[in-house]
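The block underneath contains the structure these notes are about, expressed in structure tokens.
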Amino acid sequence: FGLITTNSITQTFNRQVVASHISRGTAFVFAIPDHPWVDSSDGAAVRIAMTVASRGGSVGILATVSGEFPGDEHGTGVELSPQKAVIHADLTIGANVTDVSALQANRDLSFQGIIPLGDGFRLTREDFPRLGVNPSRLPLAVRRFVIGKDLVQVPQERHLIDFFGLTEEEARSRFPALFQHVLTTVKPERDHNRRDTRRKNWWLFGENAPKLRRATRSLARTICTVETSKHKPFVFLPADWDFDHKLYVVASDDAFFLGVLSSRIHGTWALAAGGRLGVGNDPTWTNTTCFLPFPFPATNEPTKTRIRKLAESLDAHRKAQQAAHPGLTVTGMYNVLEKLRSGDSLTAKEKTIHEQGLVSVLRQLHDDLDAAVFDAYGWPHDLTDEQILERLVKLNAERAAEEARGLVRWLRPEFQAVGEKRKPAQVSLLPVGEAPEAPAGKGKKPARMPWPKAFPEQIAAIRNLLAQGDGVSVKTAAAAFNRADKEDLAASLDALVALGLAVAFEVAGERRWRLAGRVAA
């Protein structure tokens, strides 16, 4: 037997640290995942995890702290609630969110922000006149800077001098006043940096997040959230801003993804898969645990449109109320929302926040959004958190198996699938038999369906058409869609064949397609 303790306050809980102590054929027989550790009244406020492992075991006792109270002079008193079950590497029981795979469909979209590494990069409004900066028309080398507090507290205006993509000579010749400011305020400090790249490239940030910049280059806005906070809002922010490394950016301008990430389903996943950090034991959201393995729903366009509208309304509501009440914070609104859901009475201060933030409206928006996202997954609305996790773990395994066969449901195929040998699949494949009906037109014939502009939606539209018949030719497909190019139709049909979702055959010398598994008429 061995006792292992890990400090869960100085770093996000590291599963690998614990798992490395457990070899094949060994399992936890006892664990306390989150325990206060205060040696004395003036000791460090640290939280720890404790585990005992044994070879050959499979079922153990997980003791969770259900209550904390002042103890004697040696520390804090606790009340433990034990449960007997298989204990996973993250010291949980039930759905094993550690036994999941990173999905190719989610890759290259979620990143942490920049690290300036030099106070001289930071600018205030008072610096603008001296440096010749027009606040109404900022030069390309001056960018708005956002940090974690701006998402959950009162947003502040910050700016950075950002020479990313410029050589030293280019920065000096194009922006001489800004260059001199960095030369005199940043370079002296960087000259002593031990890392060669940071010392030699002193006019650039310590960490420039080039992958993030590349992913957001073509976007006007992007999704952003804070790494560590009690509440985890996902918001739209301009894509040409600089984001602090304590923020995570999901490089998409699609409100569908903002809505799914803001839903109870993703929130339940993130709380279970992410770590904890800080004296407040606040949850952390990371790319590797919360985003890459998370399976987004495959749904129809009407449901996606409903989620988009609700997500846009949610984002606009919070921003509008904060703009109308400068002291209002997102944290304050969501603290009040928690009390509304629990049925607790509001204090006078909380009643003010409720009125300023229109928190009951915020609650309704979240409730409607949650219902729409449950519909997108095709799941009942009354699932427990544990049932949600079980279904997500299962769906992750199904998606990983699909990707092993070559089907990747890219979230941004036009960006992620560039250079891929296979045609990009998409998120929104409709189940067979759920093809939308074409709207009725004048006369007896139904009106043609609109032909989508984006390739992923084109594939989905063609698959839905195939679900309605036993054989479709390019000619009959062209008759079903308005303004559809025959080459695009043929490419979409062949893409479904390549993905194993359709087969091609000939009738009287004419090439036709049908869904895989169907018998030709």
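The values are calculated or read from the model by the stated rules, or taken from the named source; none is laboratory data. Owing to the predicted nature of the structure, the values given are computational and were not obtained by experimental measurement. When we count neighbours, we look across all protein chains shown, and the Cβ atoms used for this are built from the backbone with ideal geometry, even at glycine. For accessibility, only protein heavy atoms count, side chains too; no ligands or nucleic acids. Shrake-Rupley method; radii C 1.70, N 1.55, O 1.52, S 1.80 Å.
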> Could you say whether any residue in the range 328-336 is at pLDDT 95 or above, under 30 Å from ALA95 (Cβ atoms) and β-branched (Val, Ile, Thr)?
Replying inline: yes
Cβ pairs under 6 Å, 6+ apart or interchain, first in the range 480-496 and within 14 Å of LEU466 (Cβ to Cβ), second in a loop (DSSP other than H, G, I, E, B) and open to solvent by 70 Å² or more (accessible area, probe 1.4 Å), ordered by first then second residue, are PHE481/ARG448; ALA495/LYS423
Every listed condition ((1) open to solvent by 40 Å² or more (accessible area, probe 1.4 Å); (2) at pLDDT 80 or above) holds for THR76 save (2)
**Prompt:** Does at least one position in the range 353-376 carry a residue that is of a type in the set (Phe, Trp, Tyr), open to solvent by less than 20 Å² (accessible area, probe 1.4 Å) and in a helix (DSSP H, G or I)?
**Reply:** yes
Residues of the range 266-296 being open to solvent by less than 10 Å² (accessible area, probe 1.4 Å), part of a helix (DSSP H, G or I) and among the hydrophobic types (A, V, I, L, M, F, W, C), in sequence order, are TRP269, ALA273, CYS290, PHE291
Picked from the range 178-206 (must be within 32 Å of the chain's Cα centre (by Cα) and open to solvent by 70 Å² or more (accessible area, probe 1.4 Å)), the residue farthest from VAL142 (Cα to Cα) is ARG195
Taking the range 144-177 and the residues there that are assigned to a helix (DSSP H, G or I) and in contact (Cβ under 8 Å) with a residue 60 or more places away in the chain, the one that is surrounded by the fewest Cβ atoms within 10 Å (Cβ to Cβ) would be GLY148
Scanning the range 297-318 for residues that are buried (at least 18 other Cβ atoms within 10 Å of the Cβ) and β-branched (Val, Ile, Thr), the one farthest from ARG363 (Cα to Cα) turns out to be THR299
Looking across the range 330-384 at residues that are touching a residue at least 24 places away in the same chain (Cβ under 8 Å) and of a type in the set (Asp, Glu), the single one that is nearest to THR268 (Cα to Cα) is ASP370
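Conditions tested, residue by residue: (1) modelled with pLDDT of 80 or more; (2) within 21 Å of THR268 (Cα to Cα).
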| residue | (1), (2) |
| --- | --- |
| ALA27 | no, no |
| LEU62 | yes, yes |
| PHE69 | no, no |
| LEU80 | yes, no |
| ASP90 | no, yes |
Result of the Cβ filter at 8 Å on the range 230-256, keeping first residues that are more than 19 Å from SER313 (Cα to Cα) and open to solvent by 10 Å² or more (accessible area, probe 1.4 Å) and partners that are at pLDDT below 95 and assigned to a strand (DSSP E or B), at least 6 apart or interchain, is LYS230/ASP282; LYS230/PRO283; LYS246/THR228
Considering the range 319-352, residues that are acidic (Asp, Glu) and in a helix (DSSP H, G or I), and then whichever is most open to solvent (accessible area, probe 1.4 Å), we arrive at GLU338
